[in-house]
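Novice: I am attaching a structure below and will ask some questions about it afterwards.
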2 protein chains.
Amino acid sequence: MARLLLRDLAQVATPAADGPVARGAELRAVAVVEDAYVLCDGESVRGVGRMRDLPAVDGDVEELDCSGLCAVPGLVDCHTHPAFGGDRVVEFSLRAGGASYEELHAAGGGILSTVVATRALSGGELEARVRRHAGWMLAHGMTTWEGKSGYGLDRETELASLRAIRAAGGLPTWLGAHSVPPEQPDADAYLDFLLAEVLPEAAALADAADVFLERGAFDAARARRYLEACRGAGLALRLHGDQFTESGAIPLALELGARSVDHLEATGDAGVRALGGSAVAAVLLPSSALFLDRPMPPARALADAGAVLALATDFNPGSSFTTSLPLVASLACTQLHLAPEEALVAMTLNAAHVLGATGAGRIAPGSRADITLLDAPDWRYLAYHLAGDVVSAVVRSGAIAFRR
Amino acid sequence: MARLLLRDLAQVATPAADGPVARGAELRAVAVVEDAYVLCDGESVRGVGRMRDLPAVDGDVEELDCSGLCAVPGLVDCHTHPAFGGDRVVEFSLRAGGASYEELHAAGGGILSTVVATRALSGGELEARVRRHAGWMLAHGMTTWEGKSGYGLDRETELASLRAIRAAGGLPTWLGAHSVPPEQPDADAYLDFLLAEVLPEAAALADAADVFLERGAFDAARARRYLEACRGAGLALRLHGDQFTESGAIPLALELGARSVDHLEATGDAGVRALGGSAVAAVLLPSSALFLDRPMPPARALADAGAVLALATDFNPGSSFTTSLPLVASLACTQLHLAPEEALVAMTLNAAHVLGATGAGRIAPGSRADITLLDAPDWRYLAYHLAGDVVSAVVRSGAIAFRR
């Protein structure tokens, strides 16, 4: 197996928690080694330590001089919507002039305009789009990412979306219940169709299922029906919840044992307490709140309540056209009142946990050899260098996958 | 002279105003040509138009295939502080944990910690730092930028800062009155020193003078004294005003005929009306407001009142560690309620006006051959693609200066 030695790193920074997830005090615990090396052996990390403790390495090893660079775990984006056609730049421009997201959605813009553009693509065109987006993600330091379907809302395009996401290296989540399609505005009839006609094959292609539980999309009863059927087919569960209104997503997620509830901009004290005491992760999407100029989620309260916090981009054309987890780290520190340590853990270890991506999200012997190299004297530039070209290179599965 | 033909551009977008500055309806006026070319002849643009109207070009000309790209004028950053040593990543991390900017400043962090780090650099080291920062700016599409001194606060370092900025390609502004230095806490005595010992040489090195008019820095009477002396020495005038409190910066700027008042996060209705009717530009710095989690400036009201609006990064280590005008465009559209057209004009034509950079900030026959190429099907991706690698290449003075 090929070996790769990252040498003379200014710092290696990694979540310090021993377990698969960090909450409470562990959410703030980042272990930093200065003047360090990381030795990768095939797809795993073999060793991490001070340069002065570098063991003799026998046999062939590729060496990379990392002077002036810091290493963090390859970033993990646990919430993206990368399978779409077209864009929403006109809608973006209209919103800048004063229209609200819900108004645009109600006027036939919003998700449905992307559904039309996505259905118009061939399978190959859709895969090319997702691969292009995956390239953007890699350049921002992401080595593991989830991608949702949900701009097809028909059998063919939903399944093509899941295939395209897997082909481009992502972990597919089936979001058939993203919106009701224009040709079937009855939500119950649409769910009948989804569960009878799409679920059997989607369950074989995806890792998880997700639903948009919100006024104008699916209510709690319909979300429960969809998720229970998906669970029965072997899929892990996710929920879009409390984005605009508190609609019962958190109690439902707890009851069903979902992996996460995502968004939470509208979550109040009771929801914070409930998530604080549960194993369901709170996935926060501050770039979406910024993009829509909406209130930020109660991140500080969730962290202080002991919630399993994760951060993601929510990459999508309508409400968060960004693939930059470094930007999300900056927003976490400036808008969510999280420490850089909390931001890092939330977009590595905890995000990997949400995806069931065992071994990702840390740099330690036996972990995945997925490492993001920052062009910075201190790893906290990940958040500090706002919209900077902070990602210098990315190692994925033990090989250099990107260099700026 | 060398000629460069940019051909097959998806779009060329440029401020439509005829005059040197745009306000009111002209602030929203962007002329877009689709399927276009731009012909550069030496350091000037010779022609712009539809590809089908491309004239025969005799003699040698370098051609660049710009399929899939959009052209906007080289971006102009009219407010940066690039001459500094060290960083403020520790302060950033503390602030994320709850400390306010003013508290950190009062505790001896803030500007003065950067002053210590900047004074510790040799002239060559300082110039290397500014050149590194200028490289970041270029990669974000900036072809013209202003840089302020103000982290020296002694004769040698202030003058070295101005020289380093000029050497790195920037337009220097002397910000001797940024803060009072630790060795001379009496503001009047410090101004005596600045005007007697530094101004004569600073006036030969800089284009403009600037002052930080704010509680804890310089009050209006001292700002007036400093600016009047600088005006007498031939410098154009700028002011940092209304960042945290309304302290009289706008009336003073109007009275003295300053080029701009910058920040304005605390500006109320009277200030908006005053700027709306004046030739003094309002320079807004939304990335600074984001970085410090402070209120955004009243951009929409200023635009509607007819103010000469400009946008800038405020790049500096303490309150806006970003060189990305594309990010500022995104913040303008999502946080300041400006249209993409207003954002573009504010960071090209109007920003060039603030700097007296004649011929910069538009793409038209006779304008500077400074052009930023966007990897996007629509020029509004400049704002829409949040923290994306949207800048594909930069032409400066008719030559390709950057390619991603």
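The values are calculated or read from the model by the stated rules, or taken from the named source; none is laboratory data. From a predicted model like this one, the values you see are computed outputs, not experimental measurements. Cβ sites come from the backbone with ideal geometry, for glycine too, and all protein chains shown count toward neighbours.
Novice: Looking at A:Ala236, is it in the same structural domain as A:Ser319 (by TED's automatic domain parsing), of a type in the set (A, V, I, L, M, F, W, C) and touching a Cys at 6+ places or on another chain (Cβ under 6 Å)? Steps first, answer last, please.
Specialist: Details: in the same structural domain as A:Ser319 (by TED's automatic domain parsing): yes; of a type in the set (A, V, I, L, M, F, W, C): yes; touching a Cys at 6+ places or on another chain (Cβ under 6 Å): no.
No: the conditions fail for A:Ala236.
Novice: Still on this structure, I have one more. Taking region A:243-269 as the search range and keeping residues that are in contact (Cβ under 8 Å) with a residue 60 or more places away in the chain and within 19 Å of the chain's Cα centre (by Cα), which one is farthest from A:Leu292 (Cα to Cα)?
Specialist: At the first step, the residues of region A:243-269 found to be in contact (Cβ under 8 Å) with a residue 60 or more places away in the chain are A:244, A:259-260, A:262.
From what's left, within 19 Å of the chain's Cα centre (by Cα): A:259-260, A:262.
On the way: A:Arg259: 26, A:Ser260: 22, A:Asp262: 16 Å.
So, considering only residues that are in contact (Cβ under 8 Å) with a residue 60 or more places away in the chain and within 19 Å of the chain's Cα centre (by Cα), the one farthest from A:Leu292 (Cα to Cα) is A:Arg259.
Novice: Now a separate question. If you scan region B:348-378, which residues turn out to be surrounded by 22 or more Cβ atoms within 10 Å (Cβ to Cβ) and within 14 Å of another protein chain (Cβ to nearest Cβ)?
Specialist: Within region B:348-378, B:Leu374, B:Ala376 qualify.
Novice: Could you count how many residues in region A:85-122 are away from every other protein chain (no Cβ under 14 Å) and out of contact with any Gly (no Cβ under 9 Å at 6 or more places or on another chain)?
Specialist: Residues that pass the stated criteria total 4.
Novice: Output the residues belonging to region B:379-393 that are of a type outside the set (Val, Ile, Thr) and either crowded, with 24+ Cβ neighbours inside 10 Å or at the interface with chain A (Cβ under 10 Å from one of its Cβ atoms) (or both). Write out each step before concluding.
Specialist: From region B:379-393, those of a type outside the set (Val, Ile, Thr) are B:379-389, B:392-393; that's our starting set.
If the condition is that a residue be of a type outside the set (Val, Ile, Thr) and either crowded, with 24+ Cβ neighbours inside 10 Å or at the interface with chain A (Cβ under 10 Å from one of its Cβ atoms) (or both), then B:Trp379, B:Arg380, B:Tyr381, B:Leu382, B:Ala383, B:Tyr384, B:His385, B:Leu386, B:Ala387, B:Gly388, B:Asp389 are the ones that fit.
Novice: So B:Ala99 fits all but one of (1) of a type in the set (A, V, I, L, M, F, W, C); (2) surrounded by fewer than 20 Cβ atoms within 10 Å (Cβ to Cβ); (3) in contact (Cβ under 8 Å) with a residue 12 or more places away in the chain; what number is the exception?
Specialist: (3)
Novice: Please count how many residues of region A:221-237 are among the aliphatic types (A, V, I, L, M) and either part of a strand (DSSP E or B) or out of contact with any strand residue (DSSP E or B) (no Cβ under 6 Å at 6 or more places or on another chain) (or both).
Specialist: Qualifying residue count for the region: 5.
Novice: Considering every residue within region B:21-36, establish whether at least one is farther than 21 Å from B:Ala339 by Cα and surrounded by fewer than 23 Cβ atoms within 10 Å (Cβ to Cβ). I'd like the intermediate steps shown before the answer.
Specialist: Of region B:21-36, the ones farther than 21 Å from B:Ala339 by Cα are B:35-36.
Narrowing the set further to residues that are surrounded by fewer than 23 Cβ atoms within 10 Å (Cβ to Cβ) leaves B:35.
Yes, some residue in region B:21-36 is farther than 21 Å from B:Ala339 by Cα and surrounded by fewer than 23 Cβ atoms within 10 Å (Cβ to Cβ).
Novice: Only one of A:Leu309, A:Leu336 is within 18 Å of the chain's Cα centre (by Cα), on the phi < 0 side of the Ramachandran plot and more than 11 Å from chain B (Cβ to nearest Cβ); which? I'd like the intermediate steps shown before the answer.
Specialist: Values: A:Leu336 fails: more than 11 Å from chain B (Cβ to nearest Cβ).
Of the residues listed, the single one that is within 18 Å of the chain's Cα centre (by Cα), on the phi < 0 side of the Ramachandran plot and more than 11 Å from chain B (Cβ to nearest Cβ) is A:Leu309.
Okay, residues lined up against (1) under 28 Å from B:Leu327 (Cα atoms); (2) in contact with a strand residue (DSSP E or B) (Cβ under 9 Å, 6 or more places away or on another chain):
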{"residue": "A:Leu252", "(1), (2)": "no, yes"}
{"residue": "A:Gly257", "(1), (2)": "no, yes"}
{"residue": "A:Glu265", "(1), (2)": "yes, yes"}
{"residue": "A:Pro286", "(1), (2)": "yes, yes"}
{"residue": "A:Pro297", "(1), (2)": "yes, yes"}
{"residue": "A:Arg300", "(1), (2)": "yes, no"}
{"residue": "A:Val308", "(1), (2)": "no, yes"}
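Novice: Still on this structure, please answer the following. Are any residues in region A:141-158 in a loop (DSSP other than H, G, I, E, B) and more than 11 Å from A:Ala177 (Cβ to Cβ), and if so, which ones?
Specialist: Taking region A:141-158 and keeping what is in a loop (DSSP other than H, G, I, E, B), we get A:141, A:149-154.
Residues satisfying the conditions are A:Gly141, A:Tyr151, A:Gly152, A:Asp154.
Here is a yes/no grid of residues against (1) aromatic (Phe, Trp, Tyr); (2) away from chain A (no Cβ under 13 Å); (3) closer than 23 Å to A:Phe92 by Cα; (4) crowded, with 24+ Cβ neighbours inside 10 Å:
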site	(1), (2), (3), (4)
B:Gly277	no, yes, no, no
B:Leu292	no, no, no, no
B:Ala301	no, yes, yes, no
B:Asp304	no, no, yes, no
B:Ala329	no, no, yes, yes
B:Ala343	no, no, yes, yes
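Novice: Does B:Thr118 fit the bill of being within 24 Å of the chain's Cα centre (by Cα), at pLDDT 95 or above, under 24 Å from B:Leu327 (Cβ atoms) and among the β-branched types (Val, Ile, Thr)? Steps first, please.
Specialist: Values: within 24 Å of the chain's Cα centre (by Cα): yes; at pLDDT 95 or above: yes; under 24 Å from B:Leu327 (Cβ atoms): no; among the β-branched types (Val, Ile, Thr): yes.
Answer is no for this residue.
Novice: Run B:Asp87 past the list (1) assigned to a helix (DSSP H, G or I); (2) within 26 Å of the chain's Cα centre (by Cα); (3) among the charged types (D, E, K, R); (4) at pLDDT 95 or above and report the number of the one that doesn't hold.
Specialist: (1)
Novice: Checking the condition surrounded by fewer than 21 Cβ atoms within 10 Å (Cβ to Cβ), among the aliphatic types (A, V, I, L, M) and under 30 Å from B:Arg403 (Cβ atoms), which residue from B:Ala167, B:Ala196, B:Ala189 passes?
Specialist: Working: B:Ala196 fails: under 30 Å from B:Arg403 (Cβ atoms); B:Ala189 fails: under 30 Å from B:Arg403 (Cβ atoms).
Checking each option against the conditions leaves just B:Ala167.
Novice: Any residue that is in contact with a strand residue (DSSP E or B) (Cβ under 7 Å, 6 or more places away or on another chain) and part of a loop (DSSP other than H, G, I, E, B) - is there at least one of those in region B:180-193?
Specialist: Within region B:180-193, not a single residue is in contact with a strand residue (DSSP E or B) (Cβ under 7 Å, 6 or more places away or on another chain) and part of a loop (DSSP other than H, G, I, E, B).
Novice: What's the total number of residues in region A:46-83 that are closer than 26 Å to A:His178 by Cβ and either more than 14 Å from chain B (Cβ to nearest Cβ) or assigned to a strand (DSSP E or B) (or both)? Reasoning before the result, please.
Specialist: Within region A:46-83, the first condition is being closer than 26 Å to A:His178 by Cβ, and the residues that meet it are A:75-83.
Pick out the ones that are also either more than 14 Å from chain B (Cβ to nearest Cβ) or assigned to a strand (DSSP E or B) (or both) and you get A:75-81, A:83.
Residues in region A:46-83 being closer than 26 Å to A:His178 by Cβ and either more than 14 Å from chain B (Cβ to nearest Cβ) or assigned to a strand (DSSP E or B) (or both): 8 in total.
Novice: Within region B:99-108, is there a residue that is of a type outside the set (A, V, I, L, M), in a loop (DSSP other than H, G, I, E, B) and in the same structural domain as B:Arg215 (by TED's automatic domain parsing)?
Specialist: Our first condition is that a residue be of a type outside the set (A, V, I, L, M); within region B:99-108, this holds for B:100-103, B:105, B:108.
Going one step further and asking which of them are in a loop (DSSP other than H, G, I, E, B), we end up with B:100, B:108.
Narrowing the set further to residues that are in the same structural domain as B:Arg215 (by TED's automatic domain parsing) leaves B:100, B:108.
Looking through region B:99-108, at least one residue is of a type outside the set (A, V, I, L, M), in a loop (DSSP other than H, G, I, E, B) and in the same structural domain as B:Arg215 (by TED's automatic domain parsing).
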